[in-house]
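Just so it is clear, none of the values below were taken in a lab; they were calculated from the coordinates. If you're wondering where the values come from, they're calculated on a predicted model, not measured in any experiment. Neighbour counts are summed over all protein chains in view; Cβ atoms, including those assigned to glycine, are modelled from backbone coordinates with ideal geometry.
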Amino acid sequence: MTHYPLSFGAELVEKGVRFRFWAPDAADVSVVIDGDPPQAMQAEGGGWFSLVTDKARPGSRYRYRIGDALYPDPTSRSQPEAALGPSGVIDPGAYRWEDAGWRGIPWEKAVIYELHPGAFSESGDFAGIAERLDYLASLGITLIEIMPVAETPGRWNWGYDGVLPFAPARRYGGPDQLKRLVDACHRHGIGVILDVVYNHFGPEGNFLHAYASAFFNEARKTPWGAAINFDGAEGRAVRDFFIENALYWLKEFHLDGLRLDAVHAIEDRSAVPILVELGQRVREAFPDRPIHLTLENDKNEPSLLGYGKGGPGLYDAQWNDDFHHALHVLLTGAKGGYYEDYSDDPVGWLGRVLAEGFAYQGESSGHRGGQPRGGKSASLPPTAFINFLQNHDQVGNHAYGWRLPKFATPEALRAGAALLLLTPGLPLLFMGEEWASDAPFPFFCDFEGELADAVRNGRLEEFGSFPEFRDPEARAAIPDPLAEATFLSAKLDWAAAKKPGHREMLALYRELIALRQRHIAPLLAHAKGPDGRFVKLGKTALEVRWRLSGRELRLVANLGPEPVPVRMEPSGQVIFQSHPAVDPLPPWFVGVDLAGAR
């Protein structure tokens, strides 16, 4: 039984239900419960309104009324009729947890598996994920990372258009089904990280502008509209909204961590920025079990990272786009878009990533108009970086949602997998990657009317500037993000994992993950810095050495289609070698060995 008491919304109390609502633009607010006549809420000051009533109970449905308009609770725990319907009162402590013995996953043992709850399983819900936990455990996954589940309008959505961030989406099973999934994960020895969005709300179903305009700063613009107002005169209520959201997910749902989406889009000039305050509050709240806070941050800010492993920040790690981009250029030959920043010397950039964490550590980025990017990262522990070959963004950013197997040969894919799983940075897999799934993962959503047309046309305009899509026929082939067929195309074909080519890749991933946990994860438990160094062995080849816990881990790789005239002599215990012949280095060769006392 776990209940996190929120300072707003619907909370069960001795005399019924307490409703509390922040509406600083409203003169009067009432609550409408189960269609009964409105009950006036008392003004507390500071834009707050509250009411304690015995007319509500678990199962009651309610809305807030301002003038003639009715609104769902922005802090609703449950939306029994989806995002645009009434909110539901629930008893959050009624669920009987069975994970009392769960102690969490040590961060150095993280092998993360990102999935979309609607596309991962046949049923497209939390229960469908639970049915595949035996498979994930046998693969060696220690943490699943679920794309956002906050309630959004429509039948399908990537999740980043959430408008009610406290309400697990009804389409996936709602709050109790999410708790059952977390319980089941813990029984299988798997932790759960949830992707959360604290930089914007979706374009439909967010009514905060109507009664709490101070929630936003119209003078600051983001790709999604006005910025969230974390540092304005009324920013305290805004900050509490998101800090309590983080604590709510972690406490009430027993989650093992959060991944904060696109924090580079958060502008906050407070003396204590929201990211720092949120991190402090979470760390204070969980002294007894590991909680993993991770970021997506295009700014590459080392000061936020390395919690618990000797780093300066409150966050464990961030998604490392630099790893992906440099390696992608080598595996595929891509040069356009953000890959231009790595195409001049991809093996050099990759070597710096592997040895020091970030590629860009203050250098100017041509893709960003010459602006400097990043900070010095060599002193951070290797566990401060989450590396990946694929994720929802890197697949979905392609016009057709094509995965890496569309651009790279099987030999290149195998080399990329070995590099990902047998180097010190923490690995993240995108669902189906382990069997080289070639099913697309295009962008999809389900809006109506003018908004649907705007999303559809915006997607076409986004790719219209690319040379390959200047032809009208090529643009016409871009999947319609609003179509049901687009969503259905993203669902995993589990039968494919057993087919020739795919089953061999799956076997390789199982082998590599087992090798990682046996040989590399133990070296990371007390590693305070990667102490890495690299040398280029050719245009596509490199050697990297790391000093970790008194031992030396060495990688030699040729990430190109031609042999490189270099001989690899093992310097210690051979952990993995992709080819038996190593003089010269064969195409797509990866070798890893470990020297030093045990």
### Per DSSP, loop GluC sites (Glu not before Pro) in segment 380-449 with at most 15 further Cβ within 10 Å
E448
### Summary
Along the dipole axis of segment 9-88 (charges at Cβ: +1 for Lys and Arg, -1 for Asp and Glu; origin at the Cα centre), the most positive-end residue among V13, A83, G46 is V13
### Query
Given H placed on each backbone N at 1.01 Å, which residues far from A541 in sequence or on other chains put an amide H within less than 5 Å of it?
L559
### Task
May I ask what percent, to the nearest 5, of DSSP beta bridges between residues of the chain are antiparallel?
70
### Task
For segment 551-592, state which trypsin sites (Lys or Arg not before Pro) are in a DSSP loop and have at most 14 other beta carbons lying within 10 Å of their beta carbon.
R567
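Calculate the dipole size of the chain relative to its Cα centre from +1 charges on Lys and Arg beta carbons and -1 charges on Asp and Glu beta carbons; express the result in debye to the nearest 20.
On the way: 60 positive and 78 negative charges, 357 e Å.
Dipole about the Cα centre, nearest 20: 1720 debye.
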### Query
Relative to the longest principal axis of the chain, what angle (0 to 90°, nearest 10) does the C-alpha long axis of helix 410-421 take?
70
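What number, in percent, do you get for the relative contact order of segment 9-88 if the mean sequence gap of Cα pairs under 8 Å and at least 6 apart is divided by its residue count? Don't jump to the answer; show the numbers that get you there.
On the way: 158 pairs, mean separation 22.6, N = 80.
Here the relative contact order equals 28 percent.
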### Query
Which angle from 0 to 90°, rounded to the nearest 10, does the C-alpha axis of helix 235-252 make with the longest principal axis of the chain?
70
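What percent do you get for the relative contact order of the chain when only Cα pairs under 8 Å and 6+ apart count? Write down the numbers at each step before the final one.
On the way: 1288 pairs, mean separation 64.5, N = 598.
RCO, the chain: 11 percent.
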### Query
Considering only DSSP beta bridges whose two residues both sit in segment 301-441, what percent are antiparallel, to the nearest 5?
25
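Quick check on the exposure proxy: order R171, R259 from fewest to most C-beta atoms within 10 angstrom. Can you show the working numbers first?
Numbers: R171 20, R259 26.
Fewest-to-most ranking of R171, R259: R171, R259.
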### Query
From the cross-link list K406/K499; K335/K539; K299/K376; K376/K528; K335/K499; K15/K55, which pairs have alpha carbons spaced over 21 Å apart?
K335/K499
### Query
Out of G101, G162, W494, whose Cα points farthest toward the positive end of the dipole of the chain (charges: +1 Lys, Arg; -1 Asp, Glu; placed on Cβ)?
G101
### Query
Across segment 218-225, in residue order, what do the Karplus-derived ³J(HN,Hα) couplings come to in whole Hz, using 6.51 cos²θ - 1.76 cosθ + 1.60 with θ = phi - 60° and x for Gly and Pro?
5, 6, 10, 10, 10, x, 10, x
## Note on the structure
Rounded to the nearest 10, the angle in degrees between the Cα long axis of helix 321-332 and the longest principal axis of the Cα atoms of the chain comes to 50
